[in-house]
Amino acid sequence: MTRLLGGLVLVLAIPAVLPAGKGAEDPSAWTPVKIPGQQKAPEFADIAAWINSQPLTMGKLKGKVVVVHFLAFG
């Protein structure tokens, strides 16, 4: 009985936690986040070969989200 009551409370509480309407799921309704700072990213240098794309520059990446994954073996 306790498990059933706990499940019922959880089911009733989920709508209160979820965002209201479709606005949170719609990327056109998102507002950009301003990150303070004046330091510019350095250009890529000393890259022997680009594997999955043409060579990239900071100008081509401006305004886009960039994820840099450093992989190290040790």
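Does Gly37 satisfy being in contact with a helix residue (DSSP H, G or I) (Cβ under 6 Å, 6 or more places away or on another chain) and either at pLDDT below 85 or surrounded by 10 or more Cβ atoms within 10 Å (Cβ to Cβ) (or both)?
Numbers: in contact with a helix residue (DSSP H, G or I) (Cβ under 6 Å, 6 or more places away or on another chain): no; either at pLDDT below 85 or surrounded by 10 or more Cβ atoms within 10 Å (Cβ to Cβ) (or both): yes.
Judged against the criteria, Gly37 is not a match.
Taken as a whole, region 41-51 holds at least one residue that is modelled with pLDDT under 85 and hydrophobic (A, V, I, L, M, F, W, C).
The values are calculated or read from the model by the stated rules, or taken from the named source; none is laboratory data. Note that this is a predicted model, so its numbers are computed, not measured. All Cβ positions, glycine included, derive from the backbone under ideal geometry; neighbour counts span all protein chains shown.
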